[in-house]
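The values are calculated or read from the model by the stated rules, or taken from the named source; none is laboratory data. Here the structure is a predicted model, which means the values were calculated and not measured. Heads up, the Cβs are rebuilt from the backbone with ideal geometry, glycines too, and the neighbour counts pull from every protein chain shown.
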Amino acid sequence: MKSPAAPAASALHTKYGLQPAPECIARLTQLVARRTSDNMELIAKVVAGDPALRKRLLRAATTRKNDPVEDVSRALFRCGVEAVVALAMADPLLRAVRRTFQELLGFELEVADEFSFAAADVLGLRAIVEFSGKASGTVFIRMRRDLGRRIAAQLLAGEPQNMTDADITDAVGELANTIVGNFKSNLCDAGLSCRLSVPRVEDCNTPPPTATAPGRHQAYGFRHQDQPMLVNIVVDSTQ
Amino acid sequence: MKTKILTVDDSRIVRIMVTRALAKFDCQITEASNGEEGLNVASRERPDLILLDVTMPVMDGMTMLDRIRSDATLRTTPVVMLTAESAQENIARADKLGISGYIAKPFKEDALVAKLLPLVRLGPKVS
């Protein structure tokens, strides 16, 4: 089976000088269009051809450390087709996180293993954005207040120590709005039209949500310099 | 006469970024935080250009754009979308309503200026 080709820029993208949809959207589109149990074999081939998605699916399917699932078909049978779609949604989300940090803030962001820091390391602030429609769920972005302060200082061209609580809340809210807005646009382009809630930013002193059904809750760790950040996506349903 | 630019965005941060990007130009920036407020300010100020977000409380940007195009006094005002919503369906809808530009967030301030320069007169600020 051929790997999905990078989508060509549409005439409207060209007209307005916008970047074309990323390549990962072609894969998500393919999975969304074929997500029935009749297409299990085809979906297994798509997953097998994408090392990152394959790794995520095998990890989601492994419920006991001493019994790792190493076969895509077995993992697919255990998790279900919808979980694969949910897992494939991570690609546009992660891309939106990296792009927003780089272009909005000029911050380099390293991808870190979510297990390389403890839940207590990302207590402080939490931005929450819900999406609902053909795909429904929630994105959480967690960070320490110090990182929120640095983000506010960068956006407002000020000194971190001069940032007020309102500056930090507004800056992290705009960051979340940009990340999840980009993610939502990619979902729509893949056939999963949805709407977003207005981002909420709140103090957070509780650990991230724990896994529900396999593949439906994913966590991704990042670091900017010494500051950890955790992005969680919980997918409730896709239609 | 100064060029008037209206920024309609519910994010205070974006309004500050736009104002900062245009600070070196001889223009007057007005602000609104949702579509309804934006329509009121636009009717009063008659801006030369409107920068418009999509997702906002009270009235979203697409509804405001639709109202602008039905308003005899505002219908020819150039509108540039400035939004994180860059799905094909959003761009197509805005294009149909006659926009002059579409800037996807995240944006760089110099890229914003580059997109506005062909649309409005932006002379250097006179001290």
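Residues that are part of a helix (DSSP H, G or I), more than 10 Å from chain A (Cβ to nearest Cβ) and either crowded, with 17+ Cβ neighbours inside 10 Å or of a type in the set (Phe, Trp, Tyr) (or both) within segment B:17-32 comprise B:Val18, B:Ala21, listed in sequence order. Name the single residue that is nearest to the other protein chains (Cβ to nearest Cβ) among those in segment B:37-64 being part of a helix (DSSP H, G or I) and surrounded by 24 or more Cβ atoms within 10 Å (Cβ to Cβ). Top of the filtered list is B:Gly61. Tell me, which residue of segment B:65-90 that is assigned to a loop (DSSP other than H, G, I, E, B) and farther than 23 Å from A:Asn186 by Cα is nearest to the other protein chains (Cβ to nearest Cβ)? So the residue we want is B:Pro78. In this structure, does A:Arg142 turn out to be crowded, with 17+ Cβ neighbours inside 10 Å, charged (D, E, K, R) and modelled with pLDDT of 95 or more? In short, no. Scanning segment B:5-16 for residues that are more than 7 Å from every other protein chain (Cβ to nearest Cβ) and buried (at least 21 other Cβ atoms within 10 Å of the Cβ) yields B:Ile5, B:Leu6, B:Thr7, B:Val8, B:Asp9, B:Asp10. Within segment A:38-49, residues that are in contact (Cβ under 8 Å) with a residue 24 or more places away in the chain and under 18 Å from A:Ala86 (Cβ atoms) sit with their Cβ atoms under 8 Å from residues that are part of a helix (DSSP H, G or I) and aromatic (Phe, Trp, Tyr), at 6+ positions apart or across chains, in these pairs: A:Met40/A:Phe77. Here is the figure for segment B:91-118: residues that are more than 7 Å from every other protein chain (Cβ to nearest Cβ) and either among the acidic types (Asp, Glu) or at negative phi (or both) total 18.
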